[in-house]
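The values are calculated or read from the model by the stated rules, or taken from the named source; none is laboratory data. In this text, all values refer to a predicted model and were calculated from it rather than measured experimentally. Positions of Cβ are generated from backbone atoms using ideal geometry, with glycine treated the same way; all protein chains shown enter the neighbour counts.
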Amino acid sequence: MIFNSLHRISLIVVFVLLTLGVRSAAAAPNIDIYAQLPRTQSVRVSPDGIHIAMLAPFRGTKAVFVYDLQDPNANTIIIPTPDKSIVKAVTWASNKHVIMLARIRGKGVGKMKKYSTLYSRWVSTNIETEKSVILLEDKIKEKRYLVTYGGGYEHDLPNDPDHVLMSFSEYIGKVVHRHFRVNLDTGKERLKRSNPVNTKNVILSTNGETVLAREDYSDRNGAYKVFIGEGLKEELVYQKKFDKSKNRTTYLANVINGKLLFQETEENELTLFTIDPVSKARSSYELDADVPPGYEYGPIFDPLTNELIGVGYTDDTYKQVYSAEPYKSWHKSIKKALKGQQVTILSRTSDNSMITIFADSPTNAGEYFLYETAKGTISSLGGRYPELAPSQVAQTIRYDYAARDGLEIPAYLTLPPGKTISSGPMPMVVLPHGGPSVRDNADFDFWAQYLAAKGYVVFKPQFRGSTGFGYEFTEAGNGEFGDKMLTDTIDGVKYLIENNIAQADKICVTGASYGGYQALALPMVEPDMFKCALSVNGVSQIRDILKFEEARTGYNSSAIKFWRKIIGDRYDDKDTMLAQSPAVNVDKIKAEIVLVHGTDDMTVPLQQSKVMEKALKKAGKSSKVILLPNDDHNLSLPQSRKKMLEASDALFSKHLDD
């Protein structure tokens, strides 16, 4: 058995575990507060409202905590993760089944045999029998090739509480995408349907039994098609051709009143339209909600019925706007009760008597609540970092600037508690985000918050190619992985120096993933600007990381096509990639370099830091790799976070402190 036994402890003990170490507001921040995983995460209420499930720290990782809402004195069930695994998410599949998404450690095979591998698996636990199984395990084991992704969770099948619907792609001479009905107690599957190879999305009926519509897209030629119906009765309703070198901008969102609902993402406004399957007529669709223009939007679906209930967007923090009742009324009432907080609805019971919510603000790192709709009462279920008083939470502000070519670059500054931009010049840590096709926001970030608590202003540039600031801004990053994305960051540093915010002789850089690449590449491009750099799971040799990705996903995979668009071709652009690789250009670097890397990183393998370490030593420069044992690409373990923050302390205090 790969599972440890389940644990039952008192809810009172759980509360003590989650709040242990609470400090007074006057106490100085402690590294252990920031290094520990959030004390409460992913809170979900069961459909019948009897239980709550959440993620919380447990024995150096996270576990699922399940407790009884009707009997606060009842023992709480703790569901550990499978041995040597990291839990990523939790949900309810029925009133008695909790599902977790876990990443299980193993070794690669074939071209990947020298790398550690993390296998994603869905794990079902029956809280009555306290037995856990891996869903689709027999299907996975029968394959003669490495299965890294253990299927997709498609529907909870409310009329069949012992099964869920899962998707699984398998190779049988060609790739096929299939749906299976999977038993929650045994993990065994039964084939439900097979979908064509280019299927990207399937819209299911409320009970999960019938396909209402199917979305088809070919990465090879950009052909986009949407069908209504299923199998032999399937009918083509809508088609379009996209430039395959760019991101697709039309997506099937749902089926509403028999019409197909689409979202277009090219413009910086919410653009929804429907297609009538009979007449093929296109009509604009307006949500019954006040949605501000100028952002990128994502649809929000009901967690039990998958109906469209609103949209989410990020200005500087994530926000939700609801178009459906009772969500609109719930959201309005909760925001009135929790004044000044951003509110996100997470889950609900089948009778709408209870919902779980998450709320945060500029002075609140985030807290989870249970809202009982009939009573109108809101009860706290735990905070993410309850030890931090409002005065200890550093302020994060928007601070945009212009790049050298005139492009407006969004950015965020996290200021030391009690400081303002007028307090400068201050020692500064540059913290570029990973991706690079993601974004930062002004929400609580343990890393930036810790650095700010140490007295440094933290600069987060949203260089071109970042998402969330419009389609054209994201597309502007194509081919700029080692060029304008870097100069955008450099231009921001210069702007902060000119405006007396950053102290010119006390600037260091750190980051993870692509941010780790920037941490190594920026001192290569501007040797006199940065005194030190700490790279976490960073890229140092661009051609090698592309070779790794080709071995992992295939030469013509969608992942490789994405990277060719962002970086270039490993063969055609060889000289450019070598010129942009820090490991090939260590002679240009003056800053002190520290490398930190997870041993089980399957996104950027440990070899990337090893190559950089070897190059630095060969050039006579000091360097070492600090290993994060058993950790993945995401600093998922508290001991890893602490090790990284301790390394930051040692490096930054040497170069930034008086």
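Figures for the structure shown
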quantity: Condition met for Val133 (in a strand (DSSP E or B), at pLDDT 90 or above and touching a Pro at 6+ places or on another chain (Cβ under 7 Å)); calculated: no
quantity: Only listed residue being over 24 Å from Val458 (Cα atoms) and basic (Lys, Arg), chosen from Arg384, Arg398, Arg348, Arg404; calculated: Arg348
quantity: Check on Ser581, under 22 Å from the mean Cα position of the chain (by Cα) and not aromatic (Phe, Trp, Tyr); calculated: no
quantity: Candidates Ala615, Ala647, filtered to the one that is buried (at least 17 other Cβ atoms within 10 Å of the Cβ), over 28 Å from the mean Cα position of the chain (by Cα) and aliphatic (A, V, I, L, M); calculated: Ala615
quantity: Residue satisfying condition, being aliphatic (A, V, I, L, M) and in contact (Cβ under 8 Å) with a residue 40 or more places away in the chain, within set Leu272, Leu252, Leu287; calculated: Leu252
quantity: Pairs, first within 11 Å of Asn630 (Cβ to Cβ) in region 590-601, second hydroxyl-bearing (Ser, Thr, Tyr) and surrounded by fewer than 23 Cβ atoms within 10 Å (Cβ to Cβ), C-beta under 7 Å, six or more apart; calculated: Thr599/Ser116; Asp600/Ser116
quantity: Condition met for Val539 (touching a helix residue (DSSP H, G or I) at 6+ places or on another chain (Cβ under 9 Å), touching a residue at least 24 places away in the same chain (Cβ under 8 Å) and surrounded by fewer than 20 Cβ atoms within 10 Å (Cβ to Cβ)); calculated: no
quantity: In region 277-297, the residues that are of a type outside the set (Lys, Arg) and loosely packed, with under 14 Cβ neighbours inside 10 Å; calculated: Val278, Ser279, Ala281, Ser283, Ser284, Glu286, Asp288, Asp290, Pro292, Pro293, Gly294
quantity: All positions within region 271-319 that are farther than 22 Å from Tyr153 by Cβ and among the polar types (S, T, N, Q); calculated: Thr271, Thr274, Ser279, Ser283, Ser284, Thr314, Thr317
quantity: Ile309 vs. criteria over 24 Å from the mean Cα position of the chain (by Cα) and within 28 Å of Lys225 (Cβ to Cβ); calculated: no
quantity: Filtered residue count, region 168-188, keeping only those that are modelled with pLDDT under 95 and in a strand (DSSP E or B); calculated: 8
quantity: Single residue of region 206-244 satisfying the filter (closer than 16 Å to Pro196 by Cα, hydroxyl-bearing (Ser, Thr, Tyr) and outside any loop (DSSP other than H, G, I, E, B)) that is farthest from the chain's Cα centre (by Cα); calculated: Tyr224
quantity: Leading residue by the ranking (modelled with the highest pLDDT) among those in region 326-360 that are more than 26 Å from Thr206 (Cβ to Cβ), of a type in the set (Gly, Ala, Ser) and surrounded by fewer than 16 Cβ atoms within 10 Å (Cβ to Cβ); calculated: Ala337
quantity: Those residues of region 53-78 which are touching a Ser or Thr at 6+ places or on another chain (Cβ under 7 Å), of a type in the set (Val, Ile, Thr) and at pLDDT 95 or above, in sequence order; calculated: Val66
quantity: Every pair of residues 6+ apart whose Cβ atoms lie under 8 Å, when the first sits in region 643-658 and is in contact (Cβ under 8 Å) with a residue 12 or more places away in the chain while the second is of a type in the set (S, T, N, Q) and outside any helix (DSSP H, G or I); calculated: Ser648/Thr510
quantity: Members of region 298-323 that are over 20 Å from Ala359 (Cα atoms) and either among the hydroxyl-bearing types (Ser, Thr, Tyr) or modelled with pLDDT of 95 or more (or both); calculated: Thr305
quantity: Given (1) out of contact with any strand residue (DSSP E or B) (no Cβ under 9 Å at 6 or more places or on another chain); (2) surrounded by fewer than 23 Cβ atoms within 10 Å (Cβ to Cβ), number of the condition Gly465 does not satisfy; calculated: (2)
quantity: Region 327-362, subset outside any loop (DSSP other than H, G, I, E, B) and among the β-branched types (Val, Ile, Thr), residue farthest from Thr317 (Cα to Cα); calculated: Ile355
quantity: Enumerated helices (runs of 4 or more DSSP H) restricted to region 479-579, each holding at least 1 residues that are touching a Pro at 6+ places or on another chain (Cβ under 8 Å); calculated: 484-498, 514-525, 542-553, 558-566
quantity: Scope region 568-583; condition in contact with a Leu (Cβ under 7 Å, 6 or more places away or on another chain) and either loosely packed, with under 14 Cβ neighbours inside 10 Å or at pLDDT below 95 (or both); matching residues; calculated: Arg570
quantity: Leading residue by the ranking (surrounded by the most Cβ atoms within 10 Å (Cβ to Cβ)) among those in region 524-533 that are within 24 Å of Asp601 (Cβ to Cβ) and in contact with an Asp or Glu (Cβ under 9 Å, 6 or more places away or on another chain); calculated: Ala533
quantity: Residue in region 31-49 that is surrounded by the most Cβ atoms within 10 Å (Cβ to Cβ), counting only those that are under 19 Å from the mean Cα position of the chain (by Cα) and over 19 Å from Asn634 (Cβ atoms); calculated: Arg44
quantity: Residue selected from region 387-410 under the condition within 20 Å of Thr317 (Cβ to Cβ) and in contact with a helix residue (DSSP H, G or I) (Cβ under 6 Å, 6 or more places away or on another chain), by the criterion surrounded by the fewest Cβ atoms within 10 Å (Cβ to Cβ); calculated: Ile409
quantity: Yes/no for Leu191 being part of a helix (DSSP H, G or I) and surrounded by fewer than 19 Cβ atoms within 10 Å (Cβ to Cβ); calculated: no
quantity: Criterion (at pLDDT below 95 and in contact with a strand residue (DSSP E or B) (Cβ under 8 Å, 6 or more places away or on another chain)) met by exactly one of Gly418, Gly435, Gly424; calculated: Gly424
quantity: Among (1) touching a Gly at 6+ places or on another chain (Cβ under 8 Å); (2) without any contact (Cβ under 8 Å) to a residue 60 or more places away in the chain; (3) among the β-branched types (Val, Ile, Thr), the one test that Ile566 misses; calculated: (2)
quantity: Selection within region 245-276 - surrounded by fewer than 20 Cβ atoms within 10 Å (Cβ to Cβ), among the small types (Gly, Ala, Ser) and within 28 Å of the chain's Cα centre (by Cα); calculated: Ser245
quantity: Of all residues in region 454-478 being in a loop (DSSP other than H, G, I, E, B) and among the polar types (S, T, N, Q), the one that is nearest to Lys654 (Cα to Cα); calculated: Gln462
quantity: The one condition in (1) closer than 20 Å to Leu252 by Cβ; (2) touching a Phe, Trp or Tyr at 6+ places or on another chain (Cβ under 8 Å) that Leu212 fails to fulfil; calculated: (2)
